[in-house]
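**Student:** Structure provided below as structure tokens; questions to follow.
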Amino acid sequence: KQPLPTDKLLEDELVSIFNLKAAKVLVRGSRSYSEVLQDLGALGAQYFESELKPNSTIGISWGSALYHLIHSIRPRSLPDAEVVQLIGAMGNENNPTDGPVLAQLLANRLGSRIRYLHAPLLVEKEDSAEVLMHERSIRETLQHAEKVTIGLVGIGTVDPELNSLLRAGYLTTEELQEVEAQGAVGDVCAQYFDADGKWLNIDINHRVIGISADVVRRIPTLIGVAAGEKKVKPILAALRGQFI
């Protein structure tokens with residue numbers, strides 16, 4: 001198979017600006033969007049397999065490119081590895097790119113253990129959110145997410161037309177604008193903290209359970225895959241020193 005066409009100048013620029021370990025920027029050319037996603041997944045899988053260890057803890061968010069990344073990974077048996085879901089998002093057979101489904105697919109591919117964030121976790125009152133956040137399995141999963149050694153993140157956009165949290169009804173356009181103003185990273189994370197690590201008292205934090213942008217940034221190896229400028233920009237903001 002011929003090497004995939006990439007933009008070497010832009011790759012070098014991204015590595016320099018964001019201090020990345022590596023970057024690949026595919027040139028779409030005449031390929032369909034679906035073909036591009038498959039190629040993005042294949043490139044992401046190469047980075048992932050180069051970093052994977054028998055006892056890795058792998059965190060995964062959601063996105064179509066991650067679906068293709070998983071299917072590009074060579075199946076193996078890693079009983080000491082663990083997959084941790086990073087965002088409490090609903091998944092079903094008709095939407096195989098959401099959090100729980102992707103986490104299960106990845107665990108099956110790796111022959112590893114798995115920890116779920118139960119979903120959907122929509123709560124309307126702050127006291128209800130507190131109850132959910134202290135529910136044992138959720139708390140333990142979030143604690144394990146903080147120990148993730150390899151993170152796989154997708155989507156990332158805060159664009160109203162593309163943001164899946166908005167389309168899924170998790171937040172309104174106004175709430176999305178408020179989240180963006182706080183410097184959050186779109187769908188990469190579902191809880192939002194300020195630069196000092198203080199939890200932001202905004203509505204989305206009461207309704208969607210997931211890790212914070214701060215935790216994302218502390219993952220030793222972070223691999224982000226996304227198609228299109230609107231989706232890539234917020235991921236770049238989170239991936240300083242990592243892969244893209």
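**Student:** Given H placed on each backbone N at 1.01 Å, which residues far from Gly59 in sequence or on other chains put an amide H within less than 5 Å of it?
**Tutor:** Hits under the 5 Å cutoff: Val84, Thr149, Ile150, Gly151, Leu152.
**Student:** OK, next. What is the set of long-range amide H partners of Gln242 at a cut-off below 5 Å, with H atoms built 1.01 Å from backbone N?
**Tutor:** Lys21
**Student:** What's the extension gain from Glu174 to Glu140 if we count 0.36 nm per residue and subtract their Cα-Cα distance?
**Tutor:** 9.1 nm
**Student:** Same structure again: Once the whole set of protein chains is in place, how much accessible area is left on Asp39, using a 1.4 Å probe, in Å² to the nearest 10?
**Tutor:** Surface accessible to solvent at Asp39 totals approximately 20 Å².
**Student:** Moving to a separate point now. For the pair Asn55/Ser16, report the inter-label distance in nm, with labels modelled 7 Å from Cα in the Cβ direction.
**Tutor:** With each label point 7 Å from Cα toward Cβ, the separation is 4.0 nm.
**Student:** Still on this structure, please answer the following. What figure in square angstrom, to the nearest 10, would you give for the accessible area of Glu11 with a 1.4 Å probe?
**Tutor:** Per-residue accessible area (Glu11): approximately 10 Å².
**Student:** With the Cα gyration tensor of the range 1-60 giving a ≥ b ≥ c as the square roots of its eigenvalues, does the rule (a/c under 1.5 for rounded; else a/b larger than b/c for prolate; else oblate) give rounded, prolate or oblate?
**Tutor:** Values: a/c = 2.33, a/b = 1.28, b/c = 1.82.
The shape class here is oblate.
The values are calculated or read from the model by the stated rules, or taken from the named source; none is laboratory data. Just so you know, these numbers come straight off a predicted model, no measurement behind them. Methodologically, a virtual Cβ is constructed for each residue, glycine included, from the backbone with ideal geometry; neighbour enumeration extends over all protein chains shown. Accessible surface is based on the protein model in full, side chains and every heavy atom, while ligands, DNA and RNA are left aside. Shrake-Rupley method; radii C 1.70, N 1.55, O 1.52, S 1.80 Å.
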